[in-house]
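Asks: So that we are looking at the same thing, I have put the structure below in structure tokens.
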Amino acid sequence: MTTVSRQLPAVQLHGWHALKGRGSRAALFLAVVAVATLLSAATPEPSRDQLKFFEEKVRPILAENCYKCHGSDKQKGNLRLDVREAVFAGGESGPVIVPGKPDESALVEAIKWQALEMPPTGKLTDSQIATITEWIRLGAPMPKDHGAGAGVSVRKTRGIITDEDRQWWAFQPIARHNAPPICNSQFVICNPIDAFITAKLGENGLTPAPAADRRTLIRRLSFDLLGLPPTSQETDHYLADETPDAYERLVDRLLSNPHHGEQWARHWLDLVRYAESDGYKLDTYRDETYHYRDYVIRSFNTDKPYSQFVLEQIAGDEASPNDPDALIGTMYLRLGIYEYNQRDVRNQWSIILNDLTDVSADVFLGMGLSCARCHDHKFDPILQKDYYRLQAFFAPILWRENVPAATSDEQAAYQKQLAVWEEATADIRRQLAEIEDPIRQSAMNTTRVKFTDDLLAMLEKPPTARTPIEAQLAYLVEYQITDGEGKVDLSTKLKGEKKERWQKLKDELAQFDHLRPRPVPFIPGVTDVGPVAPEVTIPGRRDTEPIEPGPLTVLDHAIAGTKPGPGAAELTSFANSPGASLLPANGGSATTGRRTAFARWLASPDNPLPSRVLANRLWQQHFGRGLAESPSDFGRLGAPPSHPELLDWLARDLLDNNWSIKRLHRHIVTSAAYRQASHGPEVAASAAKDPTNKWLARMPVRRLAAEQIRDAAEAATGELDLNVGGASGDWKTSRRRAVYLKVYRNKHEAVLDVFDAADGIFTTPTRNVTTTPTQSLFMLNGPWMLTRAKAFQKRLASDSSLTLEQKVATAYSLSFGRPPTQTEAADGLKFLQSNSARSDDALIDLCHVLLNSNEFLYVD
């Protein structure tokens, strides 16, 4: 998790010719190790991000499982875990945490049940253990007893929201700011964004950098909007275009390119913790999940209004039950981790709802709510009841399997042809069932007896006799039972003559495959358990009343009477009446309509959070940092925006223009601020005066994301498969873009893993950008990069008409989008000529070094 402000090069390009021997590579590796160790040696006070990690991920685990015996009321073994000083002091047996060393920490041994078995009520999940382990590895950051550290104070008021709370910048209405007038001729103004930026530059005595050259701009834009380097033809076309609006037309071409959605889908997938496996120990692969990934790509490519994008993901089944795209969107509600053998389905359902509540608050509201799950938020004006008001929107959901994501006509055609196949194969399938059903039933019975009697009693009830919560729990029980049946390998269970007969019947059935219709997409989705929602209360409180769905209390005053979405009063009284005015017309009595109401509130112009959050996220991905630096935490653990008026202007543009994301992209990338140079003598003064580039007097240099490194390397070698959409491919054999590779939670593709890709377990609003010896070792000696270098050489050697000089020039063009300088060309030619006896290997070395260079891995 170590993040450094200055990135180390994998290889310095000017010294590439010295790297042809293993000794030089080893020396470079040792140098990188030494510097990386030096950079990671400091152990500062907890940062805001670290405190946020503790409050949102760690404290809820401790509160739910540890504080009862090791909190303010009771300290078994003289150990207290809710106060920092006490945590580090330990208990009767000594310290339980060694900061930075989870393997030496008694607390980790205890929660892994390697020594003591804590908590005694049941072992933590693998994910919870991983969170505690990571927290200790980070140094066990947590707020001081009487303050949060990092300049943030604990709220003194409990259970109430004050006027001071409501004055926090993120809770204010979106203002309509006019761009400030700029008279100084040194400032270039391309659009209103520049007026806001340059006003701040002037206030801070800074001069903007000049515009970057055209080659830099097209490479920057292409990676930003497509996630890919520009081709030589695209670069040549842009350089030859001398019309005044050449740059703007380049932007429009890139925004309309189908690869745009692939790039920007990746950012969204990070947020919603997208993965294609269950997680936990078994980490079963989910074959259908790629449909959601393709849905996100399509949504960004078509510039689907963000309001519709949100509605489809939260309530597509309610709002548009006949729209396949909307139904696929609801897979958002099924992206969380799932433990296939969790027999305590009450706790399992609670974990599922908590995860969905936490992620939705982070993604759509930019507010970390998980701290409020157990008590009022320590730093932000978020009450414990607010957490459960938000959760009440999701409380009625019921999982559905095999939802046909197809139009009514497509479904009808499928069913018609399926009936033909079923009639033709009825007798064969009956005989197969006679063989298979007893084995499957036995497997189900084996799983069934593992549940408690009260859960089995719910399962035995007629569906109409179950309460809403009983229906939800019975579904999870039944899902595990039938899932166990599905895991039966009949080929190993059957023996002798019965197996031979079974295989013969399978072969006979295959003869009718020509009649079997091509299946429509079937996906896992959700619906509501019915028109009446299960009761939501604060766990562990006997005196609590049922909690109705509603907005954050701190926003009640700001959104009352909101139109067209629900206002605070409508939401908080949105109980179980199927006749409520906000129910979707096509929902009828089958749904509570709560999720539709929630989605409308999120898109309401009077809700100040979602539009600010989205605008800030777009800015973050273009400039490397949001105007508000903590993109999923607009509370007090985050930082106020550097340019608040600009952030409101961007948010207002979204609201005024039907939530068009492409329009805002265009505003940002056509600004003079975005077109600035990132280095050179002209930026030295601003770099010295504003080293963190807070006021944006220059464009930041940024390392490519993990997916971009992989895709760019395969683009240079000519291996990259640019087909769009479809099922995910295997890491080792697929040459498709990284976004189309299988995404497992417990194991990761090598390039993506080493260069800080998201893990698919937690929402990832900002990726770490680390510098580690492992990265250098991977790039220099890893088999993946060595294979790419050989493929690069093969591409260059495939054209026998190329001279050595032309091969060097082509290698530079494919790697960096530019020709080599005279010195580079001369050095490259000299190297190849001096190694003519091993010409293929020499060309591989040249290609290898170019793919390792700073210029390849970074964008100016």
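The values are calculated or read from the model by the stated rules, or taken from the named source; none is laboratory data. Model, not experiment: these values are computed from the prediction. Positions of Cβ are generated from backbone atoms using ideal geometry, with glycine treated the same way; all protein chains shown enter the neighbour counts. Heavy atoms of the whole protein, side chains included, go into the accessibility calculation; ligands, DNA and RNA do not. Shrake-Rupley method; radii C 1.70, N 1.55, O 1.52, S 1.80 Å.
Asks: Antiparallel as a % of all DSSP beta bridges within the chain, to the nearest 5?
Replies: Counting only bridges with both partners in the chain, antiparallel ones make up about 80 percent.
Asks: Moving on to the next point. What translational diffusion coefficient, in µm²/s and rounded to a whole number, does the Stokes-Einstein relation yield for region 193-271 at 10 °C and a viscosity of 1.306 mPa s, taking the hydrodynamic radius as the Kirkwood radius over Cα pairs?
Replies: 110
Asks: Give a residue-ordered list of calculated ³J(HN,Hα) values for region 701-715 (Karplus: 6.51 cos²θ - 1.76 cosθ + 1.60, θ = phi - 60°; whole Hz; x for Gly, Pro).
Replies: 7, 10, 6, 4, 5, 3, 5, 5, 4, 5, 5, 5, 5, 6, 5
Asks: Considering only DSSP states other than H, G, I, E and B, which GluC sites (Glu not before Pro) in region 249-341 qualify as loop sites with at most 10 other Cβ atoms within 10 Å?
Replies: Of the GluC sites (Glu not before Pro), not one in the loops of region 249-341 has a Cβ with at most 10 other Cβ atoms within 10 Å.
Asks: Among the listed pairs Lys487/Lys732; Lys74/Lys112; Lys281/Lys504; Lys74/Lys461, which have their C-alpha atoms separated by more than 30 angstrom in this model?
Replies: Lys281/Lys504; Lys74/Lys461
Asks: Mind checking the full-extension length gain between Lys281 and Arg501? Use 0.36 nm per residue of separation minus the Cα-Cα distance, one decimal, nm.
Replies: 75.6 nm
Asks: Name the long-range amide H neighbours of Val532: under 5 Å, sequence gap of 5 or more, or other chain; modelled H, no Pro or chain starts.
Replies: none
Asks: What FRET efficiency would be calculated for the residue pair Gln172, Glu248, taking the C-beta separation as r and a Förster radius of 41 Å, to the nearest 0.05?
Replies: For Gln172 and Glu248, the calculated efficiency is 0.75.
Asks: Hey, any idea what the orientation-averaged projected area of the convex hull of the chain's Cα atoms comes to, in nm²?
Replies: Result: a mean projected hull area of 41.8 nm².
Asks: Given only helices, namely DSSP H runs of n ≥ 4 each adding -39500 (n - 2.57), what is the per-residue ellipticity at 222 nm of the chain, to the nearest 500 deg cm²/dmol?
Replies: -14500 deg cm²/dmol
Asks: Moving to a separate point now. Relative contact order for region 276-405: what percent, with Cα pairs under 8 Å and sequence separation of 6 or more?
Replies: Reported as a whole number, the value is 18 percent.
Asks: Specify which residue in the list Ala825, Ser813, Gly782 is farthest towards the positive end of the charge dipole of region 779-853, using unit charges on the beta carbon of Lys, Arg (+1) and Asp, Glu (-1), about the Cα centre.
Replies: Gly782
Asks: Amide H of Val526: which non-local residues (sequence gap of 5 or more, or other chain) have their own amide H closer than 5 Å, using H built in the peptide plane?
Replies: Amide H to amide H, under 5 Å and 5 or more residues apart or across chains, Val526 pairs with Arg400.
Asks: Carbon and sulfur atoms: what percent of the 1.4 Å accessible area of the chain do they account for?
Replies: Carbon and sulfur: 52 percent of the exposed surface of the chain.
Asks: Here is a further query. Local charge sum around Pro524 (other residues, Cβ-Cβ under 13 Å, Lys/Arg +1, Asp/Glu -1)?
Replies: Neighbour charge sum, excluding Pro524 itself: -4.
Asks: Which lysines have a Cα lying under 16 Å from the Cα of Lys830, excluding residues fewer than 8 positions away in the same chain?
Replies: Lys20, Lys807
Asks: Taking K and R as +1 and D and E as -1, what net charge do the other residues with C-beta under 14 Å from the C-beta of Ser370 add up to?
Replies: -4
Asks: Aspartates and glutamates near Lys694 by alpha-carbon distance under 16 Å, same-chain residues fewer than 8 away left out - which ones?
Replies: Result set, ordered by chain and number: Asp194, Glu203, Glu629, Glu645.
Asks: Checking the a/c ratio against 1.5 first, then a/b against b/c, what shape does the Cα gyration tensor give for region 667-775?
Replies: Here region 667-775 falls in the prolate category.
Asks: Assigning unit charges at the beta carbon (Lys, Arg +1; Asp, Glu -1) and nothing else, what dipole magnitude in debye, to the nearest 20, does the chain show about its Cα centre?
Replies: Rounded to the nearest 20 debye, it is 1360 debye.
Asks: Taking each pair of different alpha-carbon atoms in region 394-527 once, compute 1/r for the pair, average those values, and report the inverse of that mean as the Kirkwood hydrodynamic radius in Å to one decimal.
Replies: Radius from the Kirkwood sum: 17.7 Å.
Asks: Turning to a different aspect of this structure: By the gyration tensor of its Cα atoms, with a ≥ b ≥ c the square roots of the eigenvalues, what is the shape of region 787-857: rounded for a/c under 1.5, prolate for a/b over b/c, or oblate?
Replies: Rounded is the answer for region 787-857, as its axis ratio a/c remains below 1.5.
Asks: If you don't mind, there's one more thing I want to ask. List the aspartates and glutamates whose alpha-carbon lies under 19 Å from that of Lys493, not counting same-chain residues fewer than 8 positions away?
Replies: Candidates past the 8-residue exclusion: Glu434, Glu436, Asp437, Asp483, Glu485, Asp507.
Asks: Using a cut-off of 11 Å between beta-carbons, work out the net charge of the residues near Arg788 (Lys and Arg +1, Asp and Glu -1, Arg788 not included).
Replies: Cβ neighbours under 11 Å give a net charge of +3.
Asks: Run the numbers on the chain and let me know its relative contact order in percent, using alpha-carbon pairs under 8 Å that are six or more apart.
Replies: Averaging sequence separation for qualifying contacts and normalising by length gives 19 percent for the chain.
Asks: If you don't mind, another one. According to the square roots a ≥ b ≥ c of the eigenvalues of the Cα gyration tensor, what is the shape class of region 249-314, taking rounded for a/c under 1.5, prolate for a/b larger than b/c otherwise, and oblate for the remainder?
Replies: It comes out prolate by the Cα gyration axes.
Asks: Take the Cα pairs of region 427-477, get the Kirkwood Rh, then feed it into Stokes-Einstein at 20 °C and 1.002 mPa s and tell me D in µm²/s.
Replies: 170
Asks: Residue by residue through region 638-645, which ³J(HN,Hα) values in whole Hz follow from phi under the Karplus form 6.51 cos²θ - 1.76 cosθ + 1.60 (θ = phi - 60°), with glycine and proline marked x?
Replies: x, 10, x, x, 6, 10, x, 5
Asks: Moving to a separate point now. Considering Cα pairs under 8 angstrom that are at least six residues apart, work out the relative contact order of region 606-752 and quote it in whole percent.
Replies: RCO, region 606-752: 15 percent.
Asks: Output ³J(HN,Hα) for region 94-111: one whole-Hz value per residue in order, computed from phi by the Karplus curve 6.51 cos²θ - 1.76 cosθ + 1.60 with θ = phi - 60°, and x for Gly and Pro.
Replies: x, x, 9, 10, 10, x, x, 9, x, 5, 9, 9, 5, 5, 5, 4, 5, 6
Asks: Once amide H atoms are placed 1.01 Å from N in the peptide plane, what residues at a sequence separation of 5 or more from Arg736, or on another chain, have their amide H within under 5 Å of its amide H?
Replies: Asp721
Asks: Taking the Cα centre of region 252-344 as origin, work out the dipole magnitude from +1 charges on Lys and Arg Cβ and -1 charges on Asp and Glu Cβ, in debye rounded to 20.
Replies: Charge dipole of region 252-344: 220 debye, to the nearest 20.
Asks: Given +1 on the Cβ of Lys and Arg, -1 on the Cβ of Asp and Glu, and no further charges, what dipole in debye does region 618-777 carry about its Cα centre, rounded to the nearest 20?
Replies: Here region 618-777 has a charge dipole of around 60 debye.
Asks: Return the equivalent ellipsoid semi-axes of region 172-227 as a descending list in whole Å, where each equals the square root of 5 times an eigenvalue of the C-alpha gyration tensor.
Replies: 25, 18, 9
Asks: So how do 294-303, 776-785 stack up, highest first, on mean other-Cβ count within 10 Å?
Replies: 294-303, 776-785
Asks: Provide the FRET efficiency to the nearest 0.05 for the Ser836-Asp437 pair, computing r from the beta carbons and using R0 = 56 Å.
Replies: 0.20
Asks: Next up: Quick check of the Kirkwood formula: for region 222-338, what is the inverse mean of 1/r over all pairs of different Cα atoms, in Å?
Replies: Evaluated on region 222-338, it is 16.1 Å.
Asks: So what is the accessible area of the chain per residue, in Å², with the probe set to 1.4 Å?
Replies: Computed with neighbouring chains in place, this is 43 Å² per residue.
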